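Every number here is computed from the coordinates shown, using simple stated rules; none is lab data. Here the structure is a predicted model, which means the values were calculated and not measured. All Cβ positions, glycine included, derive from the backbone under ideal geometry; neighbour counts span all protein chains shown.
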Amino acid sequence: MVSNGAKIDILTWDGTLSSSDFCAAALAFTEKWKRFNSTTLSQWSWVPCLKCPWIAAHEAEGYLSLENVFLPRSVCNCLVQEEHDEQSQTVHDDLSCSGQDDDIDNAILVRSYDHEVHRYDFHIVYSSSYKVPVLYFRAYRSDGQPLVLDDIEKDLPANSAKVLMESKWTFITQEEHPYLNRPWHTLHPCGTSEWMKLLFITDASQAKGGVAFEKYLVSWLSVVGQVVRLRIPFEMLSDSGQL
């Protein structure tokens, strides 16, 4: 288990993370993900990077990576794949989180060799400006051609279009990946610290006793991942699955 032993004092916490807390949370997240998703083909992994001049010498630097995830162009196509393509391997059961609304629960991530599916790479990168994690992603067709934003929006859950219009923290933009120096799509982090604080403080038990920083990414991804149909097992959120 990776842990720096630090806990969040919910009553005084501003919803952000330091870069060292992010690294500790990221490493713990990969271990926990593997424990509850040992049979999936795609695994989150920590990618270490060279230090930037502004990063303290004692702090690690890098990002989380989940690559080669195949997303069907529609839920209908996904269900057809499950029934008729023996090579497809659904990770719906592993990535689903109970208690979500029907629109979200019907979204399924699959691995498939079907030409209608799109390949997605997801990276979770720490923002030194906002002091929160940020989800970066890119998408390709089966022939390797990058998808434009209009095509990506068609892959998102039906309710995401409305969310993208109304909620600034889920607004999709394109910017240079801070480590790869190539354009990636990202969910803008504006407002993340506010809703993360609200998310944690609504749990009375956490507000009283504090909570380990390692839980941050689990809670964060359970919300942000819904926008791109990327979800986590319910066990990772339950008390029995705590680090």
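Some notes on this structure:
- The residues packed around Lys7, meaning those with a beta-carbon under 11 Å from its beta-carbon, carry a net charge of -2 if Lys and Arg are +1 and Asp and Glu are -1.
- Cross-link pairs exceeding 23 Å between alpha carbons, from the set Lys7/Lys197; Lys34/Lys197; Lys154/Lys215: Lys34/Lys197; Lys154/Lys215.
- Gain in span if fully extended, Asn181 to Ser38, counting 0.36 nm per residue against the direct Cα distance: 48.3 nm
- On the basis of the beta-carbon distance and an R0 of 22 Å, Glu153 and Trp195 show a calculated FRET efficiency of 0.50.
- Taking 0.36 nm per residue of separation and subtracting the Cα-Cα distance, full extension of the segment from Val223 to Gln174 would add 15.6 nm.
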